[in-house]
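Written below as structure tokens is the structure these notes are about.
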């Protein structure tokens, strides 16, 4: 599956189908369906902001996998919201449900509001190199 050319809604369709047709209790079906709709809304928002389909598809895939494994409302809430890494004074430690592609978007949006400090810039660069290796080779860092 070429995530560069794909639409995130196409990535999510099999997961929606599994939620709708799967043999799961109705309360779990409802939780998963609502969580996936919220993820989809976030992805539409990121798309409107102009983020790469490759990032959006990766977020869709990873969040849907987390959602399909979750059965509690509290877990669904954590999965749906963008997860901030914890800074321990030396480095950033990703959250259990953290998704690097979404963290890149969060750093990008943060950098539009105020300059990033050196630790944040380092994290942003690390994520960029990890998630977008081809693109990062074109940059002078």
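The values are calculated or read from the model by the stated rules, or taken from the named source; none is laboratory data. Worth saying up front: this structure is predicted, and the values here are computed from it rather than measured. Reconstructed Cβ throughout: ideal geometry from the backbone, glycine too, with neighbour counts over all protein chains shown.
See the values below:
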| quantity | calculated |
| --- | --- |
| Some residue of region 52-60 being in contact (Cβ under 8 Å) with a residue 12 or more places away in the chain and either loosely packed, with under 15 Cβ neighbours inside 10 Å or assigned by TED's automatic domain parsing to the domain that holds residue 107 (or both) | no |
| Some residue of region 6-20 being touching a residue at least 40 places away in the same chain (Cβ under 8 Å) and either touching a strand residue (DSSP E or B) at 6+ places or on another chain (Cβ under 9 Å) or not in a helix (DSSP H, G or I) (or both) | yes |
